[in-house]
Amino acid sequence: MNKQHLRHPRIQRAYVRWFKRNNRRFAVPIRVSKATSKGMELRFINYPECLSVWLSRDGLSVHVNWQEHWDMLLDIDVGIKTTHDGYQCLFCFHEGGMTSVLFSSKEALWQDHIFEPFLEWVNEKLEPAKWLEISGTAGGSTWTRLIKDEAALEKPDPGLILMKGLVRIDGTQAFDEDTDVVSKWLVELKSEASLIDECFQKQ
């Protein structure tokens with residue numbers, strides 16, 4: 001018996017059609033590395049393998065996999081509500097409640113809410129970045145940030161600032177500056193030789 005060929009999910013087909021029309025707008029080349037019934041994995045060509053993109057009917061996210069799943073640089077969530085007049089995003093609100101913006105098709109909503117914002121993030125955030133800074137503590141807290149230039153390296157780490165401000169339910173500080181060691185890795189982007197620096201420091 002021949003196995004029936006399964007079509008890719010609608011959002012994947014919509015993305016492929018949209019990308020064929022818009023691929024030249026991307027400052028960073030992208031390829032499809034895997035497609036399943038659950039989602040599609042994308043990769044940035046000539047970028048470190050620790051970066052990947054996951055597209056599914058729930059949205060799109062850019063992942064950093066460093067030793068394990070480490071962080072997300074981008075997370076776009078979409079929920080679709082079908083009405084008599086078209087389609088709405090369940091997560092879009094204004095002062096009076098859910099947005100009244102209607103789209104003629106799911107494809108139009110995906111393009112507006114997922115594909116175009118992803119394109120904007122790639123061109124405005126990823127492409128200008130020179131490094132990916134990866135941080136983590138022995139306690140399991142992990143975070144990342146894109147670094148544009150040397151001057152940005154000297155600026156306070158927003159992730160570390162957030163960590164220092166976290167408080168446990170019992171009122172104690174979640175981050176102990178005297179004992180918590182922050183491990184940091186600096187990964188060069190746009191290069192096959194991605195790992196250029198590694199340091200372990202107490203901050």
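Structure notes:
- Residue list for region 136-153, restricted to those being under 11 Å from TRP66 (Cα atoms), within 16 Å of the chain's Cα centre (by Cα) and either at pLDDT 95 or above or buried (at least 19 other Cβ atoms within 10 Å of the Cβ) (or both): TRP143, THR144
- In the condition set (1) buried (at least 16 other Cβ atoms within 10 Å of the Cβ); (2) not assigned by TED's automatic domain parsing to the domain that holds LEU189, PHE91 is compliant with all but (1).
- Residue in region 191-200 that is modelled with pLDDT of 50 or more, farther than 18 Å from GLY139 by Cα and in a loop (DSSP other than H, G, I, E, B) present: yes
- Criterion: crowded, with 17+ Cβ neighbours inside 10 Å and modelled with pLDDT of 95 or more - qualifying residue of SER52, SER33: SER52
- In region 125-152, the residues that are within 12 Å of SER183 (Cβ to Cβ), not aliphatic (A, V, I, L, M) and not in a loop (DSSP other than H, G, I, E, B): GLU133, SER135, GLY136, THR137, THR142, TRP143
- For region 65-84, the set of residues classified as assigned to a strand (DSSP E or B), free of Cβ contacts under 8 Å to residues at least 24 places away in the same chain and under 29 Å from GLU107 (Cα atoms) consists of MET72, ASP75, ASP77, LYS81, THR82, listed by residue number.
- Look at region 85-99: where a residue is farther than 18 Å from TRP110 by Cβ and a partner is at pLDDT below 65, sitting 6+ places away or on another chain with Cβ atoms under 9 Å, you get PHE93/THR99.
The values are calculated or read from the model by the stated rules, or taken from the named source; none is laboratory data. Just so you know, these numbers come straight off a predicted model, no measurement behind them. Glycine gets a Cβ as well: all are built from the backbone with ideal geometry, and neighbour counts include every protein chain shown.
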